[in-house]
Amino acid sequence: MPRVIHFEINSDQPERASKFYSEVFGWKIQKWDGPQPYWLVNTGDEKQPGINGGLLQRTAPNATTVNTVDVPSVD
């Protein structure tokens, strides 16, 4: 069955959002050492149900949360 496997949260202030999600939910968030500003979000113990995601700088006014779904084929 196809499942959501990753999420991305767009934010106008990613550093501020990172602090918020860390404090409120206890998520571990660290900045990715890549060519673009991106924060990796670990939402909990890998042995528990759930998914991890990312946090990024909003690039368009209407950019919202993105969920990635794993499917065997788009056809």
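In this structure the chain gives 78 Å² per residue of accessible area when probed at 1.4 Å with all protein chains present.
Quick one: length gained pulling PHE20 to LYS47 fully straight, 0.36 nm per residue minus the C-alpha distance?
Extra length from PHE20 to LYS47 when fully extended: 7.3 nm.
Close amide H pairs (under 5 Å, H built 1.01 Å from N) link ARG58 with SER11, ASP12, residues at least 5 positions away or on another chain. Counting DSSP beta bridges in the chain, what percent are antiparallel, to the nearest 5? Percent antiparallel among DSSP bridges in the chain is about 70.
Shown for the chain: the carbon plus sulfur share of the solvent-accessible area, taken with all protein chains present and a 1.4 angstrom probe, equals 51%. Karplus-derived 3J(HN,Hα) values for region 35-40, using 6.51 cos²θ - 1.76 cosθ + 1.60 with θ = phi - 60°, are x, 10, x, 7, 10, 7 Hz; glycine and proline are entered as x. The modelled label-to-label distance between GLN57 and PHE7, using points 7 Å beyond Cα along the C-beta direction, is 2.4 nm. Working note: Karplus 6.51/-1.76/1.60 with θ = phi - 60° gives region 52-68 the couplings 9, x, x, 10, 9, 5, 5, 9, 9, x, 9, 5, 10, 5, 10, 10, 9 Hz, where Gly and Pro are set to x. Of all aspartates and glutamates in the structure, the ones whose alpha carbon falls short of 17 Å from that of LYS31, not counting any fewer than 8 places away in one chain, are GLU8, ASP12, GLU15, GLU23.
The values are calculated or read from the model by the stated rules, or taken from the named source; none is laboratory data. Note that the structure is a prediction, hence the values are computed from the model and not measured. Glycine gets a Cβ as well: all are built from the backbone with ideal geometry, and neighbour counts include every protein chain shown. Calculation scope for accessible area: heavy atoms of the full protein, side chains included, ligands and nucleic acids excluded. Shrake-Rupley method; radii C 1.70, N 1.55, O 1.52, S 1.80 Å.
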